[in-house]
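> My questions will all concern the structure given below.
The values are calculated or read from the model by the stated rules, or taken from the named source; none is laboratory data. Here the structure is a predicted model, which is why all the values come from computation and not from measurement. In this analysis, Cβ positions are derived from the backbone assuming ideal geometry, glycine residues included, and neighbour counts consider all displayed protein chains.
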Amino acid sequence: MPLPEYKDLLLPTLKKHFGYDAFRAQQQAIIEHVLEGNDTLVIMPTGGGKSMCFQVPALLFEGVTLVISPLIALMKDQVDGLKANGISANYFNSSQTAEEQYTILEQVANRNIKLLYVAPESLPGLSNILNDRFISCIAIDEAHCISSWGHDFRPSYQQLGFLKKSIPNIPIIALTATADKATRQDILDQLQIPHAKQFISSFDRKNISLEVRPGTDRVKQIISFIKKRPNQSGIIYCLSRKNTEQLTKKLNSNGIEATAYHAGLNFNERNKVQEDFVYDNTQVVCATVAFGMGIDKSNVRWVIHHNMPKNIEGYYQEIGRGGRDGLNAHALLFHSYSDVIQLRRFALGAANEDVQIAKLERMKQFSEATTCRRKILLSYFGELLEANCGNCDVCKNPPQIFDGTIIAQKILSAVYRLNQQEPIGMVLDVLRGAHNASVLEKGYQNLKTFGIGKDIAWKDWQHFIIQLINQGYCEIAFHKNNALQLTEFSKHVLFNGAKVPLTKPLHIAEPKVAEKAPRKKAKRSKTTTEDTLFERLRKLRYNIAKEEDIPAYLIFSDKTLIEMERVRPMSLMDLMDVSGVGQHKAEVYGDEFIAEITNFLGAKLKKEKKKATHLITYDLYKKGLSIEEISMQRKLKSTTIYSHIAKLHSDGKNINIYDFVSKSEVAEVKKAKSALESPSSLKPYYDYFEEQLDYFKIRLALSVIENA
């Protein structure tokens, strides 16, 4: 199919399956690039819509899109989400029997599925279909795992370069939320797609408020923080298994229900903790970073780091698990000198020890920064922000600043004259005029900038350089021996007279360890929830999710429920106008959510809004119009008209229901109702009939049964 024809199908496909009227940011450009058959690298923050970049093309390609994903739990979550949107998808991994795997391969051969998820370790089992006869596209999710420069390196990912050799004409799209320049280049090299176009979205997650606090009395602070946010889901990341268990006990003894997660638990224990959290049965989890990429939950409202992470990539990805639905979220980080010592110990002896130590130092600098924290995060990933964000603790409580332009010019000039090839230590030695062996061997004592900063202490120069890095005026090239390099902002300072604000060095004493006070066991207090339409819809969503055994957010996100509360749709057509409601979900869940909204608004509104529209349909039915004719005249979906027919029949109107559903189909639905023990939604019936009986027939048959 030529690209122009694809273009005409993009928005209808997006609306039908995902419920959105428009693409976000670069999504459409990426999708069109992939549909043209091009290799692509996508760097997009968590919650930015990466999955859409390969899921929409998958629906338009003829064959299957192979999605390489690092975790079984993440695959299952993605597949459940696709099925909830009416999309045929499956996964292939070691947890399945040989018979199950054979059935999946048959589905691929018969073109019965559009997306197939697989871990890199399971690729040998797909050897019979790894060709352009069956595969239309390959998506490599969490692509930073390929690179040893990345923070979650997995050796099995490094073997994926064979895919381009095996199927050279199939487009590869690699996607990740966190990759600095070195990691991005390594991904392209390892996958053998050197000419892939790079789409780098803004790393700015404006909805996440950033805060850093000293690690003094952190447990007491965490308890206070959580108690101010009842009924909110959150994750607390800890440095060790022992930390997770100790903190969980302390939270439980203070009336906060929490569970621990770490690699020391067996598979079933870990799986239960993760599922309870994803399914909204547990609100708070204390976890090591093992609780990582498998968490694809949209309504996490806060993320706490009990200890400082080992690098900024990990920190960014972990806080990115908050606020994936676009609503406000809070990221709170505690740091202490003891965290740094322990993390340094972990890095010793590693193959890339120097890189790990350098990245840990950047994380430490972020924690101790006195400038806008969002600027630091963005500049780390190569994105420069001129204005302060206004949504971090430094911006909300700014320190005193002074005009540091002359200091900045001296630093940047030294970096320039060192040909951007030396790390911070050497830049400091040149500024201070040090006559050590390293300086003298390279002849740096002859540079114009040698010794121009003798009047400022070594530690203070270090403080100023870190501020320049944090503000994006220079950057560390980890893949070039940690060399300090200039950025676009540097030119404005060196040549255009741009002013640079700096803060004076703060000599912070190490925090004192607070004495342990005697603790009384707290009683668990039940939080009362206000009876709002949102809470009613949330409860309905939870009950349906529990019955269908899927995470609640896969039905509708919090953001979609909030819009339902605002718009208050009274028909399936109105519901389809709500962002996040596609055709499939409207057909499956629409009646229940509309009924809940109607019940909330009261009997009068129910009569005026719902009964009236049914009666209009009844008048047209009595005139002999068909369902299609009524649908066209009323400009309503045929599924809405069928729901009217069911309601009219239930109200005792003169409807020949067997014009729309046969007696044998009614009998089959009656059997299903008994076998399924009267489920509260239509989805179990639909699955029972293996998707061979339409939703409207199930709905009409139930109307006959209930009024018999």
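> If the requirement is being modelled with pLDDT under 90 and aliphatic (A, V, I, L, M), which of these qualifies: Ala258, Ala182?
On inspection, the qualifying residue turns out to be Ala182.
> To continue, here is another question. For segment 432-463, how many residues meet the condition of being modelled with pLDDT of 90 or more and within 16 Å of Ala483 (Cα to Cα)?
Summing the residues that are modelled with pLDDT of 90 or more and within 16 Å of Ala483 (Cα to Cα) in segment 432-463 gives 4.
> Kindly check whether there is at least one residue in segment 178-187 that is touching a helix residue (DSSP H, G or I) at 6+ places or on another chain (Cβ under 9 Å), surrounded by fewer than 20 Cβ atoms within 10 Å (Cβ to Cβ) and in the same structural domain as Glu353 (by TED's automatic domain parsing).
There is no residue in segment 178-187 that is touching a helix residue (DSSP H, G or I) at 6+ places or on another chain (Cβ under 9 Å), surrounded by fewer than 20 Cβ atoms within 10 Å (Cβ to Cβ) and in the same structural domain as Glu353 (by TED's automatic domain parsing).
> Sticking with this one: Scanning for something modelled with pLDDT of 90 or more, farther than 21 Å from Thr639 by Cα and either assigned by TED's automatic domain parsing to the domain that holds Asn252 or not hydrophobic (A, V, I, L, M, F, W, C) (or both), does segment 544-555 turn up at least one residue?
no
> Let me ask something else about it. Could you check, for segment 133-152, whether at least one of its residues is touching a helix residue (DSSP H, G or I) at 6+ places or on another chain (Cβ under 8 Å), at pLDDT below 90, of a type in the set (Phe, Trp, Tyr) and buried (at least 21 other Cβ atoms within 10 Å of the Cβ)?
Yes, the conditions are met somewhere in segment 133-152.
> Just name the residue that is nearest to Phe556 (Cα to Cα) out of those in segment 79-123 that are free of Cβ contacts under 8 Å to residues at least 12 places away in the same chain and of a type outside the set (Ser, Thr, Tyr).
Among residues in segment 79-123 that are free of Cβ contacts under 8 Å to residues at least 12 places away in the same chain and of a type outside the set (Ser, Thr, Tyr), the one nearest to Phe556 (Cα to Cα) is Lys83.
> Let me ask something else. From the list Pro155, Pro171, Pro194, exactly one residue is surrounded by fewer than 18 Cβ atoms within 10 Å (Cβ to Cβ) and modelled with pLDDT of 85 or more. Which is it?
Pro194
> What is the number of the single condition among (1) of a type outside the set (Gly, Ala, Ser); (2) at pLDDT 90 or above; (3) over 20 Å from the mean Cα position of the chain (by Cα); (4) surrounded by fewer than 21 Cβ atoms within 10 Å (Cβ to Cβ) that Thr244 does not meet?
(4)
> Next question, about the same structure. Going by the conditions given, is Lys585 assigned by TED's automatic domain parsing to the domain that holds Pro684, touching a residue at least 60 places away in the same chain (Cβ under 8 Å), farther than 27 Å from Leu693 by Cα and not in a loop (DSSP other than H, G, I, E, B)?
Here the answer is no, as Lys585 does not meet what is asked.
> Moving on. Residues that are surrounded by 15 or more Cβ atoms within 10 Å (Cβ to Cβ): find the helices (runs of 4 or more DSSP H) completely inside segment 334-443 holding 2 or more of those.
The helices (runs of 4 or more DSSP H) meeting that bar are 337-347, 353-368, 373-380, 393-396, 405-417, 424-432.
> Further question: Looking only at strands (runs of 3 or more DSSP E) that fall completely inside segment 142-260, which ones have 2 or more residues that are closer than 25 Å to Asp558 by Cβ?
Those strands (runs of 3 or more DSSP E) span 208-214, 233-237.
> A further question follows. In this structure, is Lys7 modelled with pLDDT under 85, in the same structural domain as Ala174 (by TED's automatic domain parsing) and surrounded by fewer than 18 Cβ atoms within 10 Å (Cβ to Cβ)?
yes
> Within segment 318-326, is even one residue of a type outside the set (Asp, Glu), under 17 Å from Gln283 (Cβ atoms) and surrounded by fewer than 20 Cβ atoms within 10 Å (Cβ to Cβ)?
No - not one qualifying residue is present in segment 318-326.
> Take segment 412-465 and flag every residue that is in contact (Cβ under 8 Å) with a residue 24 or more places away in the chain, of a type in the set (Val, Ile, Thr) and under 23 Å from Ala477 (Cβ atoms).
Val415, Ile424, Val427, Thr449, Ile465
> Taking segment 650-667 on its own, how many of its residues are within 11 Å of Tyr621 (Cβ to Cβ), surrounded by 12 or more Cβ atoms within 10 Å (Cβ to Cβ) and not charged (D, E, K, R)?
Residues in segment 650-667 being within 11 Å of Tyr621 (Cβ to Cβ), surrounded by 12 or more Cβ atoms within 10 Å (Cβ to Cβ) and not charged (D, E, K, R): 2 in total.
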